[in-house]
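Structure, as structure tokens:
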Amino acid sequence: MRSILIFALIFGLISCCKEENKDGLDGKWFLIKASGGFAGISQNYPKGDITWSFDDGVVNIVNNYTGQWNVSPASMKKEYKVVPTVEGSELHLDNDYFVNFQISKDTMLFNKLQFADGFGFVLVR
């Protein structure tokens, strides 16, 4: 009887813990590459110059890159959500939509949805 009570107590404590992040985004990511556009630009960024910090439905983008051809988003703070689609997933930042959203353990890929040729982004942890 005592072991059942201990088991129930442990189970209750575990179930009260914060839910694990289901989208795998939480934490700091570093933009290292942007490519695309009409001109076919491919720009590499030093790791650490542009950070995307995801936390509890909010992303804080800090853009400290000072070089040429900065096609990355400016510094901003926006709400985000990952939306499943028939083709995969989309990353929504308020009214901005990023398609072909893919995330692995240490790499995130997505494209900016635009009428013309949009930009693709690569972020790493």
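The values are calculated or read from the model by the stated rules, or taken from the named source; none is laboratory data. Everything numeric here is computed off the predicted structure, so don't read it as measured data. These accessible areas exclude ligands, DNA and RNA; they are computed on the full protein's heavy atoms, side chains included. Shrake-Rupley method; radii C 1.70, N 1.55, O 1.52, S 1.80 Å.
A few notes on this one:
- Phi angles of segment 47-55 translate, via the Karplus equation with coefficients 6.51, -1.76, 1.60 and θ = phi - 60°, into HN-Hα couplings of 4, x, 6, 10, 10, 10, 10, 9, 7 Hz per residue; Gly and Pro are given as x.
- Built amide H within the under 5 Å cut-off of residue 89, gap 5+: 100, 101
- Per residue, the accessible area of segment 20-75 comes to 55 Å², computed with a 1.4 Å probe over protein heavy atoms only.
- Size of segment 44-84 as Cα extents on the principal axes (Å, biggest first): 33, 18, 16
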